[in-house]
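What follows is a short report on a single structure.
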């Protein structure tokens, strides 16, 4: 099961994305600005995700929660406080520098637009 909400969504589990018993490939996404009791941007349960070219960002310290053996793999992505520079990722401590009042767009100065 894969549930994807729009940005600025609120949920009990997985504010932006809730993955349960599934092994999806998630590509070219921006998941940001959501809230949840657990997994403000993403909650993974008993799943294995392949996440590519994606930005996952929130004001929370850890926007992704993994339960029951879930182990996401990140490639060419920026995930707050999670990714490092392996697999073409950008360090999760670097701000993606969103711009725009009505959405999440990367500014020209963003490390993802280089």
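Read-outs: derived from the displayed coordinates by stated rules, not from any lab. Remember, predicted model here, so these are calculated numbers, not experimental data. When we count neighbours, we look across all protein chains shown, and the Cβ atoms used for this are built from the backbone with ideal geometry, even at glycine.
Observations
- Every pair of residues 6+ apart whose Cβ atoms lie under 8 Å, when the first sits in the range 80-96 and is on the phi > 0 side of the Ramachandran plot and touching a residue at least 12 places away in the same chain (Cβ under 8 Å) while the second is surrounded by fewer than 14 Cβ atoms within 10 Å (Cβ to Cβ) and not in a loop (DSSP other than H, G, I, E, B): 87/73
- Enumerated strands (runs of 3 or more DSSP E) restricted to the range 5-90, each holding at least 1 residues that are over 24 Å from residue 106 (Cβ atoms): 10-13, 17-20, 35-38, 42-45, 64-67
- Only a single criterion out of (1) under 20 Å from residue 11 (Cα atoms); (2) crowded, with 16+ Cβ neighbours inside 10 Å; (3) over 9 Å from the mean Cα position of the chain (by Cα) is not satisfied by residue 67, namely (2).
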